[in-house]
Amino acid sequence: AGFTMVFGTRHLDATERHEGVVAAIAFESLVKLLAFLAAGLFVTFGVFQGFGDIFTQAAAIPRLQDLFIFESRGGEYFSWCIDILLSMVVLICLPRQFQVIVVENVNEAHLQKAIWLFPLYLLAINLFVLPIAFAGAMVFTMGVDADTFVLTLPIARRQEALALLVFIGGMSAATGMVIVETVALATMICNDLVMPVLLRLPLVRRSPRQDLSAAVLNIRRGSI
């Protein structure tokens, strides 16, 4: 919150760009990717003998067999299509995604690189999702949240350094998301909720030339 207030609310321009914040988020994204790939490689080739070994063993477990079957019922295909559609819409409708893609963009030419680099990043970070999920389901039969498999698997194998790297990667992912989200939402709250009410107050209406810059900045910081 302190970092976001210092570096995300310096000016009143609604389209203010925060290149330092974006650079920090980009670095955190690389840390997150490195940590997840390291955990995926360890689980896939350190704990098991590769992708084939994980999927073969998982397919032999009755409680996991249903996950390998894409049933022919129409509802399953409809649900899958809805998930894909929502994932596409999220790229524009989530405040943090819109903030990075539109507001923080300093050069339209950068979109030419983002068109192939962003899908490549998503592919890389999802490469080991299924192996880690199946490995965790096989190693931990109960009592462990599936969302923590990427952290608990290295801990269970006494890989403290890898577990620390994964924890740092998770913190990077969380803080990066929160920082960008709060910058975007603080601007939206200030411009679309607070300011319309503030400008209707009798005191402000009687003094139309009153300088509200300090108040607006404090509103944004308070929103954060």
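FYI, it's all coordinate maths here, none of it is from the lab. Just so we're clear, the structure is a prediction, and the values are computed from it rather than from any experiment. Here Cβ is always computed from backbone atoms with ideal geometry, including for glycine, and neighbour counts include all displayed protein chains.
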Subject >> Cβ charges +1 (Lys, Arg) and -1 (Asp, Glu), total dipole of the chain, debye >> reply: 740
**OP:** Would you calculate the separation in nanometres between label points at ALA215 and ILE155, each defined as 7 Å from the Cα along the Cα-to-beta-carbon direction?
**Re:** 4.9
Subject >> Cα-only Debye scattering, the chain: base-10 log of I(q)/I(0) at q = 0.08, 0.14 Å⁻¹ >> reply: -0.44, -1.02
Subject >> Percent RCO, i.e. relative contact order, over region 95-224, from Cα pairs under 8 Å lying at least 6 residues apart >> reply: 27
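Label region 56-180 by shape, choosing from rounded, prolate and oblate, from the square roots a ≥ b ≥ c of the eigenvalues of the Cα gyration tensor; if a/c is under 1.5 it is rounded, and otherwise prolate applies when a/b is larger than b/c, oblate when it is not.
Working: a/c = 2.51, a/b = 1.33, b/c = 1.89.
Since a/c reaches 1.5 but b/c is at least a/b, the shape of region 56-180 is classed as oblate.
Can you pull the percent of Cα pairs in region 85-155 with separation above 20 Å? Don't skip to the end; give the middle numbers.
Numbers: 1271 of 2485 pairs.
Result: 51 percent of Cα pairs exceed 20 Å.
Looking at the chain, which longest stretch skips every one of the GluC sites (Glu not before Pro) that is in a DSSP loop with at most 12 other Cβ atoms within 10 Å, leaving the sites themselves out?
Details: sites that count: GLU71, GLU108.
Here the longest run is 109-224.
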**OP:** Taking 7 Å along the Cα-to-C-beta vector as the label spot, tell me the ALA23-TRP80 distance in nanometres, rounded to one decimal.
**Re:** 4.5
Subject >> Projected label distance in nm at VAL129 and LEU199, using a 7 Å step from Cα toward the beta-carbon >> reply: 4.2
